[in-house]
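Trainee: Below is the structure I would like to discuss, written out as C-alpha cells.
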Amino acid sequence: MTIPELAQEIDRLYQLGADADRDQARAAFAQLRSELSAGRVRAAEPDPSAVTGWTVNTWVKKGILVGFRAGETVPYPSADDTVPYLDKDTLPLKSLGPASGVRLVPGGSSIRDGAYVGSGVICMPPMYINIGAYIGEGSLIDSHALVGSCAQIGSRVHVSAGAQIGGVLEPVGAMPVIVEDDALVGGNTGLYEGTVVRRRAVIGAGTVLTGSTPIFDLPRGTLMTAQPGVPTVIPEGAVVVPGARAVNTSPGSDWGVSLSTPIIVKYRDDRTDTRTELEAWIR
C-alpha cells in the first residue's frame, strides 16, 4: 500500500476496534512499523504554519494502538533461557547492523522496531527507545534515559543520563514531546505532556516541564503560562534551570513554603556553546 492508502486502512481498522480483522490489522501494522523504522513516516512532523511549529499525524498513533491490540504475547530471548522476556509479537526489537551507523553499547538497552534511529546516534546502556519515536542523526541517548512512544528528537541532541522524554500515545490527537536540533537535555530531567523544546535550547539538570508548568523568563521579563490546547514551548536557545516560586496563600505563605518551577535564566551564547562542545569528545 502507498502511505495514503495505509493511513486510510489504519483509520478503518482503528474505528472497528475489537471487531477488526486481526490478520489485516497485523499486516497494516507491520507496514507502519517498517515506515516508522525507516523514518519515512513520523508521529509528528515540522509544520511552519502551526502555532507550535509541529503537527501530529494522528493516524500513526492510531496504527500503533492497532498493533498493540492485534499482538499476541510471546517469549523473547534473554540472557537466561529459562527466564525469557514476554511481550507482544507485533513489537519486536529493532534489528541493527554495522551499516546502520548506530553504536549500541552492550548492557541492557532496547530499541523497539518502529522507532527511527539516525546514523551516528550513540546509545549508552541502559536506555530505552519506544515505538514511534524518532531520533535524528548524531544524537546521544545516555544511560537510564527513556525516549517514549512517538517522542521526536532532532539531530545532534544530547539526552543526558536519567532524562525522561515522555511519550504521548493517547489521546491520539495530542502532541508528543518534541526536542529540536542541537538541544541539550540535562540529567534527571523530565519532559512530559507534549512539551516542545526549540532548537539549541538547554534544559538544565533536574528541570521538569509539563503542559501546565508556568515558566519564568528572566531575560525577557515575561511569565509563560499554560493555555488550553497549547503545549509548553521552550524558545530557541533558551537556557532553563530548576527554580522555585513562593506560595502566596495561607497556610503555605505562613509556613514559607514554595513550589518548583522552571526558570529561563539566559539565552545561549558563545560560552554556553563552548561548554556543550565538550560532548563531542565522547563520540
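Trainee: Once you compute Rg and the Kirkwood Rh from C-alpha atoms, what is the Rg to Rh ratio for the stretch 3-70?
Mentor: Rg/Rh for the stretch 3-70 comes to 1.02.
Trainee: So, one more: Hey, fewest Cβ within 10 Å first, where do LEU259, LEU36, LEU93 land in order?
Mentor: By the 10 Å Cβ count, ascending, the order reads LEU259, LEU93, LEU36.
Trainee: Right, another one. Grab the beta carbon distance between ASP11 and ASP269, set R0 = 35 Å, and tell me the FRET efficiency rounded to 0.05.
Mentor: Calculated transfer efficiency: 0.15.
Trainee: Quick one: what are the phi-derived ³J(HN,Hα) couplings along the stretch 100-105, Karplus 6.51/-1.76/1.60 with θ = phi - 60°, whole Hz, x for glycine and proline?
Mentor: 5, x, 8, 9, 9, 6
Trainee: Could you list LEU191, LEU146 so that the one with the fewest beta carbons within 10 Å of its beta carbon is first and the one with the most is last?
Mentor: Least to most surrounded, the residues fall as LEU146, LEU191.
Trainee: Binning every alpha carbon pair distance of the chain at 5 Å from zero, what are the percents per bin?
Mentor: With 5 Å bins starting at 0, P(r) equals 1, 6, 11, 16, 16, 15, 12, 9, 6, 4, 2, 1, 0.
Trainee: Now for a separate question. Gain in length, SER258 to SER212, computed as 0.36 nm per residue apart minus the alpha-carbon separation, to one decimal in nm?
Mentor: 14.9 nm
Trainee: Per-residue ellipticity at 222 nm for the chain, helices alone: DSSP H runs ≥ 4 residues times -39500 (n - 2.57), over residue total, nearest 500 deg cm²/dmol?
Mentor: -6000 deg cm²/dmol
Trainee: Okay, next question. How do TRP59, TRP255 rank when sorted from fewest to most other Cβ atoms within 10 Å of their own Cβ?
Mentor: Neighbour counts put them in this order, fewest first: TRP255, TRP59.
Trainee: Next up: Can you tell me the length gained on complete extension of the stretch VAL83 to VAL105, counting 0.36 nm per residue apart and subtracting the Cα distance?
Mentor: Gain on extension, VAL83 to VAL105, equals 5.6 nm.
Trainee: Can I ask one more? Compute the distance in nm between two label points, each set 7 Å from the Cα along the Cα-to-Cβ direction, one at HIS144 and one at ASP47.
Mentor: The answer from the label model is 3.7 nm.
Trainee: Right, something else. The stretch 186-245 to the stretch 128-166: how many Å between their Cα centroids?
Mentor: Here the two parts' Cα centres lie 17 Å apart.
Trainee: In terms of modelled amide H atoms, which long-range or inter-chain residues lie less than 5 Å from the amide H of VAL117?
Mentor: ILE135
Trainee: Let me ask another. At a Cα cut-off below 29 Å, give the lysines reachable from LYS61, other chains included and same-chain residues fewer than 8 away excluded.
Mentor: LYS88, LYS94
Trainee: Say R0 is 22 Å: what FRET efficiency, to the nearest 0.05, do THR2 and GLU137 get from their beta-carbon distance?
Mentor: Calculated value: 0.25.
Trainee: Right, something else. Can you pull the Kirkwood radius for the stretch 133-283, inverse mean 1/r over Cα pairs, to one decimal in Å?
Mentor: 15.8 Å
Here, each number is a calculation from the coordinates, and none is a lab measurement. Here the structure is a predicted model, which is why all the values come from computation and not from measurement. So basically every Cβ, Gly included, is an ideal-geometry build from the backbone, and we count neighbours across all protein chains shown.
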